[in-house]
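Inspection log for the structure reproduced underneath, given as structure tokens.
The values are calculated or read from the model by the stated rules, or taken from the named source; none is laboratory data. Just so you know, these numbers come straight off a predicted model, no measurement behind them. Heads up, the Cβs are rebuilt from the backbone with ideal geometry, glycines too, and the neighbour counts pull from every protein chain shown.
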Amino acid sequence: MKRVDYLSLVQSLMLDFADRTGLTSPVKPPRRYLWTDAFAVCNFLELYRRTQDDRFLKLALALIEQVHETLGRHRPDDSRRGWISGLDEMEGRIHPTAGGLRIGKMLPERSPGDPDDENREWDQDGQYFHYLIKWMHALHCVGQVTGDTKYNRFARELAYTAHARFTYTPPSGGPKRMYWKMSIDLTRPLVTSMGHHDPLDGLITYYELSDDSGGDDQGPDLSTEIMEMTSLCRNRVWTTDDPLGLGGLLTVACHAGQLMRKGLNIMPEFLENILSSALDGLVSLFRRNTLTLPARYRLPFREFGLSIGIQAVVKLKKLITDYPASFNTAAIARLVEEILLCDQATQAIEEFWLNPPHQHAETWTAHRDINEIMLATALAPDEFLRI
């Protein structure tokens, strides 16, 4: 199905976001949230590519600087001051990601002596590996557009730190595991379980960063981290029926396909496993029929993740068609065709949430920033999907 070009709407969404969250407004304090901002950077780059209007590139660069100055430092309500890496002021500006980046949650992180509270934890600050991964990708994209190697260095330094702190060897031995959430200073886990797709996201992003030769300013070599993530990914099943998780899987498949086109040899049947897991999840999702519920029972940003993922598979199909020698085309092409049978259903997601009455639901208004930014990505996803 031919998609509508919503370029003017994407511009409006992004400029409103920049003003509302303190990026361009001189009177509004910065309100930064790492996941949303990573998608926003890619959206600004997409607008720059489509319009050749320099203000969108400037907004992407300004957002990166503001994220680093805000989420790379301790919270205003924290007794600690300065860069969360512990570096002094000058070194911190040179290496703003060396200590990771805060999530940007409203509440301070759980103190060491506080009991676990699963519900409250969702609203408390800290660091998430999967958010850091999205920021690495955004930095890589900016480096590709600008040619400035410092952005790839920022991304690699972030990858090096995040991998070292989020992965661990269990006391009983055996293969490494990962924590899902860490403290702001990365000294203690806040949630010890492992994110379902964190190893997969990490592996492909490390490959993405390593594919970019940054010259003398390239940052740490990630070959050891790639080896450890490869081990974490072996013999795993990635199936989920969460729309955002499915979209993430399909986006990883698209990124992996681009790397394979460049000659990357990952693991036998790596891409086939991802697509097969995603197809199983899609069957389960549509069987549950949750995408037909009223707006008050649905989370828009999670559904936009799925829409982005389906568009990623459209791009993967073109790669397979244009460069069949890079793929095990028989099995992979079949899975891609089956997944794309969902294309019309997922386009309906955008049409549903573009209907003004549906944007009055609390599920929209309570998460306006992330909903609008991911809607913008779903409407113009090329830069986010590009390696």
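Looking across region 355-366, the residues that are under 12 Å from E303 (Cβ atoms) and not polar (S, T, N, Q) come down to H358, W364. For region 113-130, name all the residues that are within 13 Å of the chain's Cα centre (by Cα) and either surrounded by 23 or more Cβ atoms within 10 Å (Cβ to Cβ) or within 15 Å of T192 (Cβ to Cβ) (or both). Selection gives Y128, F129.
Would you say V314 is farther than 16 Å from L244 by Cβ and surrounded by 16 or more Cβ atoms within 10 Å (Cβ to Cβ)?
On the way: farther than 16 Å from L244 by Cβ: yes; surrounded by 16 or more Cβ atoms within 10 Å (Cβ to Cβ): yes.
Yes; evaluated as a whole, the condition is true for this residue.
Does G104 fit the bill of being surrounded by 21 or more Cβ atoms within 10 Å (Cβ to Cβ), in contact (Cβ under 8 Å) with a residue 60 or more places away in the chain and within 24 Å of A164 (Cβ to Cβ)? No: the conditions fail for G104.
If the requirement is being touching a strand residue (DSSP E or B) at 6+ places or on another chain (Cβ under 7 Å), surrounded by 12 or more Cβ atoms within 10 Å (Cβ to Cβ) and without any contact (Cβ under 8 Å) to a residue 24 or more places away in the chain, which of these qualifies: G82, G72? Steps first, answer last, please.
Working: G72 fails: without any contact (Cβ under 8 Å) to a residue 24 or more places away in the chain.
Result: G82 is the single residue among G82, G72 that is touching a strand residue (DSSP E or B) at 6+ places or on another chain (Cβ under 7 Å), surrounded by 12 or more Cβ atoms within 10 Å (Cβ to Cβ) and without any contact (Cβ under 8 Å) to a residue 24 or more places away in the chain.
Residues in region 168-186 that are touching a residue at least 24 places away in the same chain (Cβ under 8 Å) and of a type in the set (F, W, Y) were compared, and the one that is surrounded by the most Cβ atoms within 10 Å (Cβ to Cβ) is Y179.
In the list G195, G202, which residue meets the criterion of being crowded, with 20+ Cβ neighbours inside 10 Å and within 25 Å of R153 (Cβ to Cβ)?
Numbers: G195 fails: within 25 Å of R153 (Cβ to Cβ).
The match here is G202.
Of the residues making up region 4-19, at least one is closer than 30 Å to E337 by Cβ, surrounded by fewer than 16 Cβ atoms within 10 Å (Cβ to Cβ) and modelled with pLDDT of 95 or more.
Just to be sure, is D216 surrounded by fewer than 19 Cβ atoms within 10 Å (Cβ to Cβ), in contact with a helix residue (DSSP H, G or I) (Cβ under 8 Å, 6 or more places away or on another chain), at pLDDT below 95 and of a type outside the set (F, W, Y)?
No; evaluated as a whole, the condition is false for this residue.
Whether a residue is among the β-branched types (V, I, T), part of a helix (DSSP H, G or I), without any contact (Cβ under 8 Å) to a residue 60 or more places away in the chain and surrounded by 17 or more Cβ atoms within 10 Å (Cβ to Cβ) was assessed, and V252 passes this test. Against the conditions (1) surrounded by 15 or more Cβ atoms within 10 Å (Cβ to Cβ); (2) part of a helix (DSSP H, G or I), E91 satisfies every one except (1). Taken together, the residues in region 277-293 that are surrounded by fewer than 19 Cβ atoms within 10 Å (Cβ to Cβ) and either among the hydroxyl-bearing types (S, T, Y) or closer than 23 Å to T363 by Cα (or both) amount to 9.
Modelled with pLDDT of 95 or more and farther than 30 Å from E157 by Cβ: is that true of S223 in this structure? Working first, answer last.
Numbers: modelled with pLDDT of 95 or more: yes; farther than 30 Å from E157 by Cβ: no.
The answer is no for S223.
Identify, please: which residue in region 165-185 is in a loop (DSSP other than H, G, I, E, B) and under 20 Å from the mean Cα position of the chain (by Cα) and is, among those, nearest to E228 (Cα to Cα)? Selected residue: Y179.
Considering only region 63-85, I want to know if a residue exists there that is out of contact with any helix residue (DSSP H, G or I) (no Cβ under 7 Å at 6 or more places or on another chain), under 21 Å from P220 (Cβ atoms) and of a type in the set (D, E, K, R). Within region 63-85, not a single residue is out of contact with any helix residue (DSSP H, G or I) (no Cβ under 7 Å at 6 or more places or on another chain), under 21 Å from P220 (Cβ atoms) and of a type in the set (D, E, K, R). Of the candidates I387, I373, the single residue that is buried (at least 19 other Cβ atoms within 10 Å of the Cβ), β-branched (V, I, T) and touching a His at 6+ places or on another chain (Cβ under 6 Å) is I387. With respect to the conditions (1) in a helix (DSSP H, G or I); (2) closer than 22 Å to D19 by Cα; (3) not hydroxyl-bearing (S, T, Y), R102 lacks only one, and its number is (1).
P268 satisfies every condition listed in (1) closer than 26 Å to C233 by Cβ; (2) part of a helix (DSSP H, G or I) except (2).
Selection of region 332-368 for residues being over 16 Å from A295 (Cα atoms), loosely packed, with under 14 Cβ neighbours inside 10 Å and of a type in the set (A, V, I, L, M, F, W, C) yields only L341.
Note on region 1-21: residues that are in contact (Cβ under 8 Å) with a residue 12 or more places away in the chain, part of a loop (DSSP other than H, G, I, E, B) and not aliphatic (A, V, I, L, M) amount to 3.
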